[in-house]
């Protein structure tokens with residue numbers, strides 16, 4: 001290594017350290033933005049150093065420069081456009097797309113390395129093994145993430161897609177997958193093995209994600225994030241770049257931890273989710289017609305709810321994905337602001353799987369101008385429910401169902417929000433439809449629960465007006 | 001190439017996983033989405049690999065692969081950091097009038 005190359009690698013090391021510090025600063029909303037800026041700055045410096053290295057080595061052709069610059073500009077423009085324009089509700093799709101392109105880039109790098117080697121047959125397992133792994137993991141992530149994004153966007157059916165022979169395919173594909181990987185490791189010069197493996201991995205990614213239902217998306221996105229990180233780290237082994245190994249594995253551990261947290265929050269094993277099951281249809285709520293409330297629940301009017309809220313001292317909101325689906329987070333934020341202004345203590349109980357990706361609901365509420373001090377995690381908020389005068393549930397279902405505490409049903413053992421411990425409960429809901437798990441929610445039939453049957457957005461607007469009259 | 005010996009590379013690999021677990025497990029659930037998009041942009045470092053292959057390419061196949069890798073990598077880096085910043089900007093300790101305006105301005109077609 002010459003001086004410049006050495007210097008550039010020191011820059012990479014410093015950048016990697018900044019990535020770690022940047023992630024560390026993410027441990028509080030107050031410092032998180034600074035952390036992200038630090039990380040972005042380090043990335044910019046690392047890219048600048050790479051340009052210096054490329055100029056210094058002077059191996060690059062004119063076409064090479066053209067490819068480098070134009071590809072960079074096109075990618076940056078696409079990324080900027082997507083990042084600026086995306087709606088917060090569509091964030092999971094965007095993160096999936098970024099997972100896909102990150103994995104895709106790692107694959108292309110590994111493929112290039114195997115194809116461009118002067119004597120590929122002479123490549124040892126030192127290069128061919130990480131190369132093959134990078135291709136396998138990256139390709140699965142690429143196609144899997146695109147299918148996940150399609151599902152989230154509604155382009156691909158959100159319900160578990162199961163076709164005849166799917167199970168058989170799910171056995172055959174991994175088998176050919178392992179064979180292909182071993183073949184490529186042993187014969188890195190075989191283009192049949194290379195292309196064959198890419199095709200098998202593409203198919204595997206698709207068949208892995210297709211049978212997974214909408215409610216499991218937080219786990220899938222986190223898992224794919226972990227995969228992308230590993231693919232990038234493997235590309236780092238291929239290129240002998242420690243910066244890629246460090247960055248890739250940081251992401252991989254982040255994805256791994258989030259996958260575990262999400263799976264725990266649903267009380268399901270990761271294998272169970274990936275293999276599929278659980279009637280998790282997005283578009284198939286077992287709905288009874290609106291207003292057709294069965295006799296055992298107590299339907300209440302907007303004025304009843306408004307009185308309860310106006311004379312409460314402490315109110316806990318329990319938002320679920322239904323709130324975001326109805327685009328009603330701003331209305332909820334406005335209602336909360338009105339209550340806060342009149343001295344009523346307001347907080348939000350956010351279940352880990354509320355939303356379509358880890359932490360999604362918090363972002364949606366932050367967008368609706370909810371201060372992060374009011375956003376409470378499950379463990380933090382559960383002891384507070386007994387002191388709450390009113391718990392207002394909007395668009396959340398299974399995560400509030402007390403039957404999860406008892407054994408022998410579809411959601412047994414799932415950690416839930418202790419909404420039933422509040423002094424009084426109001427549920428805003430369109431109908432008596434079931435949640436993903438397809439079980440009756442005992443919270444709704446609890447004598448202290450009032451059901452306010454309405455659309456979330458319309459209901460919250462009316463509620464705000466009514467509360468305004470009582471407190472104003 | 002191949003200046004890095006395998007043991008060193010694996011050492012880096014293992015330590016990175018441990019550091020990652022240590023740092024990430026301290027991030028509150030409130031910030032899990034920005035954490036994810038932020039760590040997403042960190043693996044955009046793959047763009048450096050893309051630049052290096054662009055620098056070493058001499059064939060059409062090499063150029064095409066380098067171009068694809070550059071587009072993917074640059075999209076990952078730029079998009080990831082910008083969207084993370086956009087999200088983190090919204091997290092405020094207390095409500096501010098400006099925050100609401102910005103949030104709405106960022107999503108013009110939100111309420112139709």
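Computed from the coordinates by the stated procedures, all read-outs in this text should not be read as laboratory data. Treat the numbers as computed from the prediction; the structure is a model and nothing was measured. Glycine gets a Cβ as well: all are built from the backbone with ideal geometry, and neighbour counts include every protein chain shown.
Roughly how far apart, in whole Å, are the Cα centres of segment A:236-276 and segment A:77-118? Computed from Cα coordinates, the inter-centre distance equals 17 Å.
Which whole-number percentage describes the relative contact order of segment A:298-471, with Cα contacts under 8 Å and a sequence gap of 6 or more?
Details: 334 pairs, mean separation 53.8, N = 174.
Taking the mean separation of contacting Cα pairs over the length of segment A:298-471, I get 31 percent.
Distance between the pseudo-spin-label points of residue A:327 and residue B:15 (7 Å out from Cα toward the beta carbon): 5.1 nm. Look at A:330, A:360 and count the other Cβ atoms within 10 Å of each Cβ; fewest to most, that gives A:330, A:360. Placing a label point 7 Å from the Cα of residue A:267 along the Cα-to-Cβ direction, the residues of segment A:354-384 with a backbone N closer than 19 Å are A:354-355, A:378-383.
Helix A:62-85 versus the longest principal axis of chain A: what angle, 0 to 90°, nearest 10, using Cα atoms? The two axes meet at around 0 degrees. Helix A:217-239 versus the longest principal axis of chain A: what angle, 0 to 90°, nearest 10, using Cα atoms? Once rounded, the angle reads 20 degrees. Per-residue ellipticity at 222 nm from helix content only, as computed over the protein assembly as shown with -39500 (n - 2.57) for each DSSP H run of at least four residues, stands at -21000 deg cm²/dmol. Over segment A:384-423, Cα pairs under 8 Å with separation of 6+ residues give a relative contact order of 52 percent. With each label modelled as a point 7 angstrom along the Cα→C-beta vector, the residue A:303-residue A:187 pair spans 8.2 nm. Taking every alpha-carbon pair under 8 Å whose residues sit at least 6 apart, chain A reaches a relative contact order of 14 percent.
Give me the number: length gained by fully extending residue A:155 to residue A:45, i.e. 0.36 nm times residue separation minus the C-alpha to C-alpha distance, one decimal in nm.
On the way: separation 110, 0.36 × 110 = 39.60 nm, distance 3.83 nm.
Extending this stretch completely gives an extra 35.8 nm.
Peptide A:232-238 is shielded by partner chain Cβ atoms: per residue, an average of 6 of them sit within 10 Å of its Cβ.
Between residue A:70 and residue A:163, what is 0.36 nm times their sequence separation minus the Cα-Cα distance? Round to one decimal in nm. Don't jump to the answer; show the numbers that get you there.
Numbers: separation 93, 0.36 × 93 = 33.48 nm, distance 4.19 nm.
Going from the current span to full extension adds 29.3 nm.
Annotation: extensible slack from residue A:172 through residue A:10 equals 53.8 nm (criterion: 0.36 nm per residue apart, minus Cα-Cα distance).
Using R0 = 56 Å, the C-beta based FRET efficiency linking residue A:469 and residue A:260 works out to 0.75.
Take every residue in peptide A:48-54, count the Cβ atoms of other chains within 10 Å of its Cβ, and give the average of those counts. Display every interim value, and only then the final one.
Working: counts 0, 1, 8, 3, 0, 4, 5.
Per residue, the average neighbour count from other chains is 3.
How big is the Kirkwood radius of chain A, worked out from every pair of different alpha carbons and given in Å to one decimal?
Over chain A, the inverse of the mean reciprocal pair distance is 24.6 Å.
Going by Cα centres, segment B:32-78 and segment A:399-470 are how many Å apart? What the calculation gives is 46 Å, centre to centre. Shielding of peptide A:29-35 by partners, expressed as the average count of other chain Cβ atoms within 10 Å per residue Cβ, is 6. What angle, in degrees between 0 and 90 and rounded to the nearest 10, separates the Cα long axis of helix A:191-209 from the longest principal axis of the Cα atoms of chain A? Between the helix axis and the principal axis of chain A, the angle is about 0 degrees.
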